[in-house]
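Any read-out appearing in this document is the output of simple, stated calculations on the displayed coordinates, not a laboratory observation. Computed from a predicted model, the values in this text were never measured in an experiment. Positions of Cβ are generated from backbone atoms using ideal geometry, with glycine treated the same way; all protein chains shown enter the neighbour counts.
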Amino acid sequence: MDADSHSDRWSQLNRIVGMAMSVLPHELGCDDCLEFFAAFADYHLNGTAIPESLRPVSEHLDRCPACLEEMRILVQAMKSE
């Protein structure tokens, strides 16, 4: 592995650890967020307002690109059903 490759991997690892460490005690982490994806996607697809109980999911998606991408994939799959 060359120095640039190693540096890129280190940078990615630092970014992932930083995201994980940025979760405050009152915020959902990725694993907890995944539990609510189906309900969140249903509201999104129906065009109805996201209820207050799912606000933490919305907040998590605002700051987590990995979960946002997972949500996009789920919504796309649900649209094609």
- Item | Residue-by-residue Karplus 3J(HN,Hα) for region 41-58, coefficients 6.51, -1.76, 1.60, Hz, glycine and proline x | 5, 4, 4, 4, 5, 7, x, 9, 4, 6, x, 4, 5, 9, 4, x, 5, 4
- Note on the structure: For the S7, A49 Cβ pair and Förster radius 41 Å, calculated FRET efficiency rounded to 0.05 is 0.40
- Tell me the chymotrypsin sites (Phe, Trp or Tyr not before Pro) within region 25-77 that lie in a loop according to DSSP and have at most 16 other beta-carbon atoms within 10 Å. F36
- Message: Ignoring solvent entirely, what values of log10 I(q)/I(0) come out of the Debye formula for region 25-81 at 0.22 Å⁻¹ when each Cα is a single scatterer?
- Response: -0.82
